[in-house]
Amino acid sequence: MKPGIRPRGGPFIPVGEITLRASRSSGPGGQHANVTASRIEAVFEVESSLALNDAEKARIIRKLGPTVTAVSQDARSQTRNRDLALERLETKLAGALSVPRRRRATRPTRASKQKRLESKRHQSRKKQDRRRPGPDYD
């Protein structure tokens, strides 16, 4: 069992801050699935977390909302589904915590300008060819 999760680029979040709920699964297992609670739902309340600072909380809430949930019912065993749900929660939080690189403004190259103008000329010729011929056309 994992003691917690560490989203890439983020702090360690202990399992104590994550609510794990078990329920009956609709996944594989046949009759076994009808009597065991192998589906796991991992719920993380962002605002009540002590592991995150205010900036990280704000970023996660803006991208995922105040409650982040991950569910697993892929495996027959409850422990495997627990690990899968925690991995999925970790992936979601890592995506929300990642800071995209800022775009640096660049000027268009001479070749790209020429390509754009040539494309416009080509499009113009194509549309001219579709027009009805004028009265001086024989």
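Numbers below:
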{"item": "Residue in region 23-50 that is modelled with the lowest pLDDT, counting only those that are outside any strand (DSSP E or B) and of a type in the set (A, V, I, L, M)", "result": "Ala33"}
{"item": "So Leu89, is it in contact with a helix residue (DSSP H, G or I) (Cβ under 8 Å, 6 or more places away or on another chain) and either assigned to a loop (DSSP other than H, G, I, E, B) or not β-branched (Val, Ile, Thr) (or both)", "result": "no"}
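The rows are residues; the columns are (1) in a helix (DSSP H, G or I); (2) surrounded by 14 or more Cβ atoms within 10 Å (Cβ to Cβ); (3) on the phi < 0 side of the Ramachandran plot; (4) modelled with pLDDT under 90.
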| residue | (1), (2), (3), (4) |
| --- | --- |
| Asp74 | no, yes, yes, yes |
| Arg82 | yes, yes, yes, no |
| Ser112 | yes, no, yes, no |
| Glu118 | yes, no, yes, no |
| Arg121 | yes, no, yes, no |
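The values are calculated or read from the model by the stated rules, or taken from the named source; none is laboratory data. These figures come from a predicted structure and were not determined experimentally. Positions of Cβ are generated from backbone atoms using ideal geometry, with glycine treated the same way; all protein chains shown enter the neighbour counts.
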